[in-house]
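Visitor: Before I ask anything, here is the structure I am working with.
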Amino acid sequence: MSTALLLVQTLNGLQLGILLFLIAAGLTLVFGVMDFINLAHGVQYMIGAYLAAMFCAWTGSFWAGIALTLPAALAFGLLLEVLVFRHLYGRDHLDQVLATLGLIIFLNQAVKTVWGAAPLSVPMPDLLSGSIALMDGLLYPVYRIALIGVGLATAGVLYLLINCTRVGMLVRAGATNAPMVSALGVDIGRLFMIVFGFGAMLAGFAGAMVAPILSVEPGMGDNLLILTFVVIVIGGIGSIRGAFVAALMVGLIDTLGRAFGPQLLRLVLAPAAASQTGRSLAPMLIYILMAAVLFYRPSGLFPVKQ
Amino acid sequence: MRDAQTEVTRALLQPPRTPALLMFVALVLVPLAARFGAESFILSVFTRTIIFAIAALSLDLILGYGALVSFGHAAFMGIGSYAVGILATHGVDEILLQMLVAMLAAIVFAVATSAVSLRASGVYYIMSTLAFGQMLYFFAVSLSAYGGDDGLTLSGRSRLLGTHILANDRAFYYVALALLAGFYLLAQRITASRFGRVLRGIRENPVRMRAIGFEPFRYQLTACALAGAVCAISGVLLANLAEFVSPAYMTWQRSGELLAMVILGGMGTLWGAILGAIAFLLLEEVLSGLTEQWRLILGPILILVALGGRGGLAGLYARLRRRTGGGAP
């Protein structure tokens, strides 16, 4: 394997990791603070992408589209909170699974009804189209690099929000012991709503950001959702730091495993067997990682709950 | 004498059997009624329903009695159907043998994965079952020798004791129904047995059960293996019904649907799981006949069941009975 290829795949892995982090950040807080299983979080990512596609087409500008998508995704998340999620806090996990599964089924069909079953695409902004040469003969799209940068910046902002603001303090406290926070006089219902809306907005933002490089289609959030679950379980439910570390781990391992797994196996196996085993093993790697983490640390790498 | 007494107490404690009996009678009559309509279509819809009822029943064993929310139960359906597909490719088309292999494979998978999953609890348990389900799904996708992503078309249904009787849709229906009835009775015995009571005890309070000398892990592991083996049989039947095997049988959405069936019917009642599967699939069938946008209706129904349904259909039945003054409190 050449250095150039390794570099490209590492960047791709990083980009997947960042994307996963943006989605996982909201989800891990919803999980951690509210002890709530939200399967519909992936749908919010999809809604974000669709909103971006719609607003970009309306305004004719990528930037205006993104700017409109953020408040719209936030509003949509809050709407869902009021209509559905609010009534499920403190309920059995099963009820939450069923309700959010119903929501997935409904929303996947709804976007099909509203926007059609055919994939939509979002034009890439002129400013970020094109590629730059990372090294001799190695071009990498500017947009993807910008994506990584924006993701890292968001992670930084999130870190400051969680660690240096009052709301952030309450969120951390809530993730550790929600009943106690409530007993100390904090309106936990409002805190939940803020966390939920913010999480929905982050997922929507992630969807909007990848819209120019992926096709926007119904069900696009479903498989990413599972990866996100893997991320937050590995990181430890409720931990933003854990989500960040785990997201990068999952992104890199998944991408590099698929790219180089078969080649690495060729060192120990016959070529045909190696490519077959490699192709089988690569998509399973992150699940194996998760099983291993759960085996040794049943509450993830950065446990939050006491 | 004492045995007789416990029998009586047990009979009194047990939930009323009438709904289960009515349900089975209705299912026996389905093929007769199907003659007046589009017979092969109705038969195939109901055979599918029964197959999913077996899967839901097996899930209820661990979900309703052990409070183990498995989000990867469809993996066992996949194991069952791939047992058929792989064995059939190699010329083994005896269904009893396929079932045996399917059950053994399911038990091995259940024990191996549960040994890890059961160490975690709550949300972590749910997520780890999901992860193992996904692992198997991706494994099946990569099995290029057996169709990979596209799946595997079977040349025909399996033989039963060397005969081609399963090729007859009505016979196949009754075989599936007999299996469902058999598993229902078996599950009833299991849940009423000492093992079942220990399992329920662990569901209510694992710490206390450990204190009085029952190690939860062993009982839960056994329950998972059992549920997996039964679910694998449903996979064997599904492969035979469709004469097709595909990784799509074990997507996480499918696992979610199985959960939905059990919750819809009411967990921890066994017959509720069967009723839930029937209700879910018929609802799907009816709605998709009405409109192409049927998911816009199904989704909200599930949400409403989750928000308002206490105990699903079985719970509804219990409340109705109480209101009309019949039955135990």
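The values are calculated or read from the model by the stated rules, or taken from the named source; none is laboratory data. If you're wondering where the values come from, they're calculated on a predicted model, not measured in any experiment. Positions of Cβ are generated from backbone atoms using ideal geometry, with glycine treated the same way; all protein chains shown enter the neighbour counts. Ligands, DNA and RNA are excluded from the accessible area calculation, which covers all protein heavy atoms including side chains. Shrake-Rupley method; radii C 1.70, N 1.55, O 1.52, S 1.80 Å.
Visitor: Do any helices (runs of 4 or more DSSP H) entirely within the stretch B:92-207 hold 1 or more residues that are more than 14 Å from chain A (Cβ to nearest Cβ) and within 30 Å of A:ILE37 (Cα to Cα), and if so, which? Lay out the reasoning, then the answer.
Guide: Values: elements: B:95-117, B:123-142, B:169-192, B:194-204.
Helices (runs of 4 or more DSSP H) meeting the threshold: B:95-117, B:169-192, B:194-204.
Visitor: Something else about it: Would the stretch B:139-150 turn up any residue that is among the polar types (S, T, N, Q) and open to solvent by less than 10 Å² (accessible area, probe 1.4 Å)?
Guide: Pass one, the stretch B:139-150, residues among the polar types (S, T, N, Q): B:142, B:144.
In the following step, the residues that additionally are open to solvent by less than 10 Å² (accessible area, probe 1.4 Å) were identified as none.
Looking through the stretch B:139-150, none of the residues is among the polar types (S, T, N, Q) and open to solvent by less than 10 Å² (accessible area, probe 1.4 Å).
To keep it simple, each residue is scored yes or no on (1) closer than 21 Å to B:LEU287 by Cβ; (2) of a type outside the set (A, V, I, L, M, F, W, C); (3) in contact with a strand residue (DSSP E or B) (Cβ under 8 Å, 6 or more places away or on another chain).
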position	(1), (2), (3)
B:VAL28	no, no, no
B:PRO31	no, yes, no
B:SER44	yes, yes, no
B:THR47	yes, yes, no
B:ALA67	no, no, no
B:SER70	no, yes, no
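Visitor: Shifting gears a bit: From (1) open to solvent by 30 Å² or more (accessible area, probe 1.4 Å); (2) without any contact (Cβ under 8 Å) to a residue 24 or more places away in the chain; (3) within 11 Å of chain A (Cβ to nearest Cβ), pick out the condition that doesn't hold for B:MET267.
Guide: B:MET267 satisfies all of (1) open to solvent by 30 Å² or more (accessible area, probe 1.4 Å); (2) without any contact (Cβ under 8 Å) to a residue 24 or more places away in the chain; (3) within 11 Å of chain A (Cβ to nearest Cβ) except (2).
Visitor: Count, please, the residues in the stretch B:28-65 that happen to be more than 14 Å from the chain's Cα centre (by Cα) and open to solvent by less than 10 Å² (accessible area, probe 1.4 Å).
Guide: Selection size over the stretch B:28-65: 3.
Visitor: Follow-up question, since we're still on this one. Among the residues of the stretch B:183-193, are any of a type in the set (D, E, K, R), under 22 Å from B:ALA277 (Cβ atoms) and surrounded by 15 or more Cβ atoms within 10 Å (Cβ to Cβ)?
Guide: no
Visitor: Residue check: is A:GLY278 in a helix (DSSP H, G or I), open to solvent by less than 40 Å² (accessible area, probe 1.4 Å) and within 10 Å of another protein chain (Cβ to nearest Cβ)? Steps first, please.
Guide: Working: in a helix (DSSP H, G or I): yes; open to solvent by less than 40 Å² (accessible area, probe 1.4 Å): yes; within 10 Å of another protein chain (Cβ to nearest Cβ): yes.
So A:GLY278 fits the description; yes.
Visitor: Scan the stretch A:151-181 for residues that are under 17 Å from A:LEU20 (Cβ atoms) and touching a residue at least 60 places away in the same chain (Cβ under 8 Å) and jot them down.
Guide: Within the stretch A:151-181, A:GLY151, A:LEU152, A:THR154, A:ALA155, A:LEU158, A:TYR159 qualify.
Visitor: Is there a residue in the stretch B:274-288 that is outside any helix (DSSP H, G or I), hydroxyl-bearing (Ser, Thr, Tyr) and within 13 Å of chain A (Cβ to nearest Cβ)?
Guide: Taking the stretch B:274-288 first, the residues outside any helix (DSSP H, G or I) are none.
Looking for residues that are outside any helix (DSSP H, G or I), hydroxyl-bearing (Ser, Thr, Tyr) and within 13 Å of chain A (Cβ to nearest Cβ), one finds none in the stretch B:274-288, hence no.
Visitor: OK, next. Just a yes or no: is a residue in the stretch B:303-311 modelled with pLDDT under 85 and either surrounded by 24 or more Cβ atoms within 10 Å (Cβ to Cβ) or touching a Phe, Trp or Tyr at 6+ places or on another chain (Cβ under 6 Å) (or both)?
Guide: yes
Visitor: A further question on this structure: Within the stretch B:290-299, how many residues are crowded, with 17+ Cβ neighbours inside 10 Å and either touching a residue at least 12 places away in the same chain (Cβ under 8 Å) or facing another protein chain (nearest Cβ under 7 Å) (or both)? It would help to see each step written out before you state the result.
Guide: Looking only at the stretch B:290-299, we keep the residues that are crowded, with 17+ Cβ neighbours inside 10 Å, and these are B:294-299.
Filter once more, so that each one left must be either touching a residue at least 12 places away in the same chain (Cβ under 8 Å) or facing another protein chain (nearest Cβ under 7 Å) (or both): B:295-296, B:298-299.
Number of matching residues: 4.
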